[in-house]
Amino acid sequence: MPSIRQLRAVLYARVSTVGHGQDAAPQLDALRQAAHARGWQVVAEHTDAGESGAKRDRPELARVMHLARSGAVDVVAVWRFDRFARSTSHLLAALDEFRRLGVDFVSLREQIDTSTPMGKAMFTITAAVAELERDLIRERVQAGVDRAKAAGKHCGRPLRAIDLSGAVRLLAEGMGLRQVARMVNLPEATLRRRLAGVRQKAGGQGAV
């Protein structure tokens, strides 16, 4: 009989401050024990120390995502959701990306393991929620275009009547400009230019 392939795992931990009783070791110890119990091959461990969970760019988390996207790992394991994600939207987007990449996600405290049948069902649910959010944003953008046309505004620059707050929020939650541009059905260069205008007006909020 062919041998069962050992799953390759990357472990990720985060502490928001260095010192003051905060130490990533307990998180990593729990993750290592879980990996051993499941028979995973731990190929990497990454820890962001002194990094806020709300921070958009965390260097070690970026390395974890690179491993997942490059096909170097089969499982991403964390101690708790809030060690990984900045927000619900960030978590949903990451889970949807892992689903498309064929990478499982495990969070020990929430007892989420997408390698199990129940966990795979969660992938389906989160993918549906993420798609719903994308559809709502597209509808919002299209409604702005329709309002502009109904008001007789120049169609050559329809974005002047579009509320870009949804795109701004998604970017703030960590999505890339290219991905957000696809979600709101706009050329990437156009979205970049209009967002630059938003940032110059009213502190980056409101419609342009």
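The values are calculated or read from the model by the stated rules, or taken from the named source; none is laboratory data. Model, not experiment: these values are computed from the prediction. Please note: Cβ atoms are built from the backbone with ideal geometry, for glycine as well, and neighbour counts cover all protein chains shown.
One table, with the values for the structure above:
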| read-out | value |
| --- | --- |
| Test: residue in the range 50-59 that is modelled with pLDDT of 85 or more and over 14 Å from residue 103 (Cα atoms) | yes |
| Residue count for the range 45-94, restricted to those that are of a type in the set (Val, Ile, Thr), without any contact (Cβ under 8 Å) to a residue 40 or more places away in the chain and surrounded by 15 or more Cβ atoms within 10 Å (Cβ to Cβ) | 1 |
| Checking residue 122 against (1) buried (at least 20 other Cβ atoms within 10 Å of the Cβ); (2) in a helix (DSSP H, G or I), the condition it does not meet | (1) |
| Of all residues in the range 181-193 being of a type outside the set (Gly, Ala, Ser), modelled with pLDDT of 80 or more and part of a helix (DSSP H, G or I), the one that is farthest from residue 136 (Cα to Cα) | 193 |
| Of all residues in the range 194-208 being hydrophobic (A, V, I, L, M, F, W, C) and over 22 Å from the mean Cα position of the chain (by Cα), the one that is modelled with the highest pLDDT | 196 |
